[in-house]
Amino acid sequence: MLRITCPHCGPRDEIEFRYRGDASLSRPGPEDDAKAFQRYAYERENPAGMHLEWWLHVGGCRRALKLQRDTASHVIGGAGEP
Amino acid sequence: MQRYSAFRLALEALRGHGGWQPAWRDAAPKDRYKVVIVGAGGHGLATAYHLARDHGITDVAVLDKGPLGLGNVGRNTTIIRSNYFTAPNIRFYDHSLKLWENLERELNFNVMVSQRGSLNLAHSDGQRDLFARRANAMRLEGVAIEMLDKDAVKALCPLIDVDNGRYPVVGGFLQRRAGTVRHDAVAWGYARAASARGVDIVQHCEVTAIPREGARAMGVETTRGFIGADKVVLAVAGHSSRLAAMAGFRLPIETHVLQAFVTEAVKPLLDIVVTYGAGHFYVSQSDKGGLVFGGGTDGYNSYAQRGTLPMAEEVHAAGITLMPALSRLRTLRQWGGVMDMSMDGNPIISTTPVENLAVSTGWCYGGFKAIPAGGTCLAHLVATGAPHPLAAHFGLNRFETGAVIDERGVGPHPYLH
Amino acid sequence: MSKPERGLGWGGLPPPGHHGALGRDPVKLQAFMRDAVEVRLAPGMAEALRHAAAGLGLALPGMGESAGTGSATGAVTTLGLAPGEWLALARPEEPGAFARRIASGLEAAASVVETGHGLACFSVSGRAAREVLAKGCRLDLHPAVFTSSTAARTVIAQIPVTLWRKDEAGAADSPVFALAVPLTFAQSFAHFLLGASAGTGAEILPASKD
Ligand SMILES: Cc1cc2nc3c(=O)[nH]c(=O)nc-3n(C[C@H](O)[C@H](O)[C@H](O)COP(=O)(O)OP(=O)(O)OC[C@H]3O[C@@H](n4cnc5c(N)ncnc54)[C@H](O)[C@@H]3O)c2cc1C
Ligand SMILES: [Zn+2]
């Protein structure tokens, strides 16, 4: 069970949130080639350890936040506004 | 290999069962192999077996960091079926189903294939239409499937509360050839058959690095020393990205946890596999009598190999909504497996940017049923260098060309597959 | 059968009477009606909104900085649910009148959307109210944490819920929790309340406009 400290709502239960994937990716620009978009859309670091990720507080303030979480221990390093 | 038969069983019974031999050799690793397969799960073991049987390649080692069968091959809910939507998938999974139908004879091992049928429920007209479309796609490939109305669902499985207030059942979709197989027996059956053909099965041998020389892998560094290899094969399920990183490339994979649950044993109650179409829940009854059930993934990247409470709660709630009688049972055991979720929800049996390294991954929550066909196709790829026609659509390059196979149309979001 | 009153036709709770165990301290369950508007700060208009809200006599707790506070001024309760986002609730009046009044008062400083027709409100009150809600609510409802000026959006029984306190300050002993859920989930939410209060017992009160 995760307890995520939303920057707007304070500590809340994980059931109020929806996971939205890897937040370390940045979208390529129009000058970048198809390969760059392939990497962005599909390829993932998928670490067994600290992971920067998007979570959406759908059941609370409905804002997106970035979370640092260990994917092996579930320890949360911190949460903040994007 | 000591063959199993009714005669041998009778003989051993008379001799006090003193004459049985170990089913397979627990080998120590050699310095070098023609093929090193990392991961002694279903796919690694079946691949080793098919390399030996179909291609005469027996200088093969299957390495695992733990004991045999403790990965997803021994953690899944044992369902086999071929009720897919896209034609190449129906062909691949139905081929697998046909191999299951003959597997016990083939391996001389009782893997308890039970073709009890698998029922998927529809709860809205839209869902029923989608099933009808899927059924038609299957029929076009010559695979039998039946559409059931609400009364037929009730007659087939009286446990289902077809009139439940939130998600009434409007019908279903039944594949009679689908069913269950005893999962750990599959690992043991393939291990035994591969071992008998000369394959080394090496337990407690964790791969820690994959040294390269230019575009080629030299072998694998392990907790039991370096093992050289002409070819390296990765079949490590949820750990695929870690192993790929060791070899220097990224995969379109995220690792997620899926849980399973077993109740106390009861008398025969449910003689088919049932999948709820409105919530995260599917269930079958094991031969020991426990109800074996599961649901969706926990919803976020995880290597934890244990489940979280919210999904456990959701699965139980969905189960009781569908089959209120289940509320009388106690759940005895629960566990989780770390799964290789691909970006389009479909497997990858493919060559990689490393010339002599092939990978089998992306099995998501459905790779158990694929073990016989997956092993056949991966062995073919490793032995011949060309993809097996049945798995040609599972290449890694599909993410580059755009030929992704999205059965459900949810896009590159593994947490939604 | 009598025609249900506007906004109370969704059934939810059973008819007035006792429900569940015959305990000493039954909770009171009641459906009630509110007109509601969602107020959202327009980008760069914080100053204008503060001004306009003051003109309307509308308190906007948190004013963009934080969520989780509620405040009642006169007949209007305003709940700060996210930065720059409030739910304003008022006793039912002529359909549309409340929203029109707020919208014309705030002008371009905020977007105002009428949402009252999509909400069902319940109150749970009495000494056992916290215990009953704790069967599904994962927020800490202790009076030291969830005070009479706290408001929150959360999830109970898989249903999105807006939660606030409807009592006067100092009523720690016998709090009145108010919960608004989407109207389509009203019946399911009433099921949850009935299940959760079966052990303590509940007094079901007639639906109200207050
Ligand atoms: C709860 C659950 C229910 C499921 N239900 C079904 C179902 O009903 N039907 C179905 O078809 N599929 C199901 N699946 C999916 C199916 O089990 C998997 O897709 C499939 O087993 C994966 O392939 P495998 O057997 O080769 O993997 P595994 O058995 O996981 O094998 C991978 C092996 O790699 C080893 N390994 C990892 N890293 C290293 C390393 N560095 N060095 C050495 N070895 C390493 C691991 O120890 C492991 O033994 C389910 C999965 C789960 C978790
Ligand atoms: Zn929040």
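Taking the criterion of being in contact (Cβ under 8 Å) with a residue 40 or more places away in the chain and out of contact with any Lys or Arg (no Cβ under 8 Å at 6 or more places or on another chain), the residues of region B:194-220 that qualify are B:Ala194, B:Ala196, B:Gly198, B:Val199, B:Gln203, B:Ile210, B:Arg212, B:Ala215, B:Arg216, B:Ala217, B:Val220. Summed over region C:89-100, residues that are surrounded by fewer than 23 Cβ atoms within 10 Å (Cβ to Cβ) and under 20 Å from C:Gly70 (Cα atoms) total 4. Scanning region B:368-394 for residues that are assigned to a loop (DSSP other than H, G, I, E, B), among the small types (Gly, Ala, Ser) and open to solvent by 10 Å² or more (accessible area, probe 1.4 Å) yields B:Gly385, B:Ala386. Restricting region B:228-246 to residues that are within 13 Å of another protein chain (Cβ to nearest Cβ) and over 19 Å from B:Arg75 (Cα atoms), the residue that is nearest to ligand 2 (Cβ to nearest atom) is B:Ser241.
Out of A:Leu52, A:Leu25, A:Leu67, I need the residue that is part of a loop (DSSP other than H, G, I, E, B), of a type outside the set (Val, Ile, Thr), away from ligand 1 (no atom under 16 Å from the Cβ) and within 11 Å of the chain's Cα centre (by Cα). Which one?
A:Leu25
The set of residues in region A:62-82 that are away from ligand 2 (no atom under 16 Å from the Cβ) and either within 7 Å of another protein chain (Cβ to nearest Cβ) or of a type in the set (Gly, Ala, Ser) (or both) comprises A:Thr71, A:Ala72, A:Ser73, A:His74, A:Gly77. When region C:114-145 is filtered for residues that are within 14 Å of chain A (Cβ to nearest Cβ) and touching a Lys or Arg at 6+ places or on another chain (Cβ under 7 Å), only C:Leu141 remains. Report yes if some residue within region A:42-61 is open to solvent by 70 Å² or more (accessible area, probe 1.4 Å) and more than 16 Å from ligand 2 (Cβ to nearest atom); otherwise report no. Yes, region A:42-61 has at least one match.
Scanning region C:126-155 for residues that are closer than 15 Å to C:Val27 by Cβ and either open to solvent by less than 20 Å² (accessible area, probe 1.4 Å) or aromatic (Phe, Trp, Tyr) (or both) yields C:Gly126, C:Ala128, C:Ala129, C:Val132, C:Leu133, C:Gly136, C:Cys137, C:Leu141. Restricting the first member to region A:30-53 and to residues that are over 13 Å from A:Asp70 (Cβ atoms) and at the interface with chain B (Cβ under 10 Å from one of its Cβ atoms), and the second to residues that are charged (D, E, K, R) and crowded, with 19+ Cβ neighbours inside 10 Å, the beta-carbon pairs closer than 7 Å and six or more apart or on different chains are A:Arg44/B:Glu254; A:Asn46/B:Glu254.
Please work out which one of (1) among the hydrophobic types (A, V, I, L, M, F, W, C); (2) at pLDDT 95 or above; (3) farther than 19 Å from C:Thr77 by Cβ is the condition C:Ala157 fails and give its number. So the condition that C:Ala157 fails would be (2). Figure legend. Inter-residue proximity from region A:1-29: first residues within 13 Å of A:Arg62 (Cα to Cα) and more than 8 Å from chain B (Cβ to nearest Cβ), second residues open to solvent by 20 Å² or more (accessible area, probe 1.4 Å) and hydroxyl-bearing (Ser, Thr, Tyr), beta-carbon distance below 7 Å, spacing 6+ or different chains. Indicated pairs: A:His8/C:Ser66.
Within region A:33-43, can one find any residue that is closer than 30 Å to B:Arg306 by Cβ and not in a loop (DSSP other than H, G, I, E, B)? Break it down into steps so the answer makes sense when it comes.
Applying the first criterion (closer than 30 Å to B:Arg306 by Cβ) to region A:33-43 yields A:42-43.
Next, only the ones that are not in a loop (DSSP other than H, G, I, E, B) stay: A:42.
So far as region A:33-43 goes, yes, one or more of its residues are closer than 30 Å to B:Arg306 by Cβ and not in a loop (DSSP other than H, G, I, E, B).
Residues in region B:69-94 that are polar (S, T, N, Q) and either within 6 Å of ligand 1 (Cβ to nearest atom) or open to solvent by 10 Å² or more (accessible area, probe 1.4 Å) (or both): B:Asn72, B:Asn76, B:Thr77, B:Thr78, B:Thr86. Selection within region B:196-214: residues that are under 21 Å from B:Asn72 (Cβ atoms) and not β-branched (Val, Ile, Thr). The member of this set that is most open to solvent (accessible area, probe 1.4 Å) is B:His204.
There is at least one residue in region C:114-121 that is in contact with a Gly (Cβ under 9 Å, 6 or more places away or on another chain), part of a helix (DSSP H, G or I), at pLDDT below 95 and surrounded by 19 or more Cβ atoms within 10 Å (Cβ to Cβ). Restricting B:Ala229, B:Ala217 to those that are farther than 18 Å from B:Thr58 by Cα and buried (at least 20 other Cβ atoms within 10 Å of the Cβ) reduces the list to B:Ala217.
Within region B:136-166, the set of residues being under 17 Å from B:Ser327 (Cβ atoms) and in contact with a Ser or Thr (Cβ under 7 Å, 6 or more places away or on another chain) comprises B:Asn164, B:Arg166. Taking first residues from region C:69-94 that are touching a residue at least 12 places away in the same chain (Cβ under 8 Å) and among the aromatic types (Phe, Trp, Tyr) and partners that are assigned to a strand (DSSP E or B) and surrounded by 21 or more Cβ atoms within 10 Å (Cβ to Cβ), the Cβ contacts under 7 Å between residues at least 6 apart in sequence or on separate chains come to C:Trp86/C:Val39; C:Trp86/C:Thr78; C:Trp86/C:Leu79; C:Trp86/C:Gly80.
Against the test of being away from chain A (no Cβ under 12 Å), touching a Cys at 6+ places or on another chain (Cβ under 7 Å) and more than 11 Å from ligand 1 (Cβ to nearest atom), the options B:Val354, B:Val274, B:Val359, B:Val266 yield a single qualifying residue, B:Val274.
Of the listed requirements (1) open to solvent by 20 Å² or more (accessible area, probe 1.4 Å); (2) away from ligand 2 (no atom under 12 Å from the Cβ), A:Thr5 misses just one: (2).
Considering only residues that are part of a strand (DSSP E or B) and aliphatic (A, V, I, L, M), which ones fall in region B:190-234? If the condition is that a residue be part of a strand (DSSP E or B) and aliphatic (A, V, I, L, M), then B:Ile201, B:Val202, B:Val207, B:Ala209, B:Ala217, B:Val220, B:Ile227, B:Ala229, B:Val232, B:Val233, B:Leu234 are the ones that fit.
The values are calculated or read from the model by the stated rules, or taken from the named source; none is laboratory data. Please read these numbers as outputs of a predicted model, since none were measured by experiment. When we count neighbours, we look across all protein chains shown, and the Cβ atoms used for this are built from the backbone with ideal geometry, even at glycine. Calculation scope for accessible area: heavy atoms of the full protein, side chains included, ligands and nucleic acids excluded. Shrake-Rupley method; radii C 1.70, N 1.55, O 1.52, S 1.80 Å.
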